[in-house]
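Colleague: Below are the structure tokens for one structure; questions will follow.
The values are calculated or read from the model by the stated rules, or taken from the named source; none is laboratory data. All values reported here derive from a predicted model rather than from experimental measurement. For neighbour counting, all protein chains shown are included, and Cβ atoms are generated from backbone atoms with ideal geometry for every residue, glycine included.
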Amino acid sequence: MSKHPKLETLRILHYPDPRLRERAAEIRAIDGFLQELAHRMDELMKEAGGVGLAATQVGLGIRFIVMNPTPEPDKVQTYINPVILSREGKVMEEEGCLSLPGLFAKVRRAERVRVRAQLPNGETVEMEADGLAARAWQHEIDHLDGGLFVDRVGPAARIIIRNQLKAFEEDFRQASSHVGTAESDAPPAPASEKTRTRKART
């Protein structure tokens, strides 16, 4: 990253912002900016009531996530260049996304995963996760690959959420048409709403 963005301007992008479809690049060097970015992303995640947030969701194309699938607010973890090494089992659970606030649908995911990632101190770690944590890992890494959870819903669920997706698309068109009059370079995204429950809303 040759030029760092102003962190105070970062906002959570909403579907169908095209930046959500870009595959993130691997981080080659760990610097102080990443620590500051983690703090800002943690703020945005907490404001929106989420359990995880990928850098692509704030318009940064790097493989970087913050996560906290626990009920304890001080348990936020930062991961760099995360990779899923293996998956086991299958489970269908309701899922949501901070880039699609208010939209929930059941998604089939692996029940357990083994992942590898770097920590902010440069250490590479491997760990196993199940339940909500496993779902959050899969959801966030999908974001880093340009995917959204709605890509994984079945045909019946897609029909159910079709009108909500169209509403997001219309809101985005209207917001984009006013970008030229914006006072800052922040992404055109409406304020996120609080989640109904502590489910996989990332």
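Colleague: Spot the failing condition for LYS106; the list is (1) within 15 Å of the chain's Cα centre (by Cα); (2) farther than 16 Å from HIS143 by Cα, and only one is missed.
Modeller: Exception for LYS106: condition (1).
Colleague: What's the number of the condition ILE80 fails, among (1) surrounded by fewer than 17 Cβ atoms within 10 Å (Cβ to Cβ); (2) of a type in the set (Val, Ile, Thr); (3) at pLDDT 95 or above?
Modeller: (1)
Colleague: Still on this model: Since ILE159 meets every condition but one in (1) under 18 Å from the mean Cα position of the chain (by Cα); (2) modelled with pLDDT of 95 or more, which condition does it not meet?
Modeller: Just one mismatch for ILE159, condition (1).
Colleague: Right, something else. Let me spell it out: the conditions are (1) over 16 Å from the mean Cα position of the chain (by Cα); (2) at negative phi, and GLY89 meets all of them except one. Which number is the exception?
Modeller: That leaves (2) as the condition not met.
Colleague: I'm checking my understanding of the structure. Among residues of segment 1-37 that are outside any loop (DSSP other than H, G, I, E, B) and small (Gly, Ala, Ser), which one is surrounded by the fewest Cβ atoms within 10 Å (Cβ to Cβ)?
Modeller: GLY32
Colleague: Residues in segment 162-194 that are part of a loop (DSSP other than H, G, I, E, B) and modelled with pLDDT of 95 or more: how many?
Modeller: Counting residues in segment 162-194 that are part of a loop (DSSP other than H, G, I, E, B) and modelled with pLDDT of 95 or more gives 0.
Colleague: Do we have any residue at all in segment 53-74 that's farther than 25 Å from ASP151 by Cα and basic (Lys, Arg)?
Modeller: Within segment 53-74, none of the residues are farther than 25 Å from ASP151 by Cα and basic (Lys, Arg).
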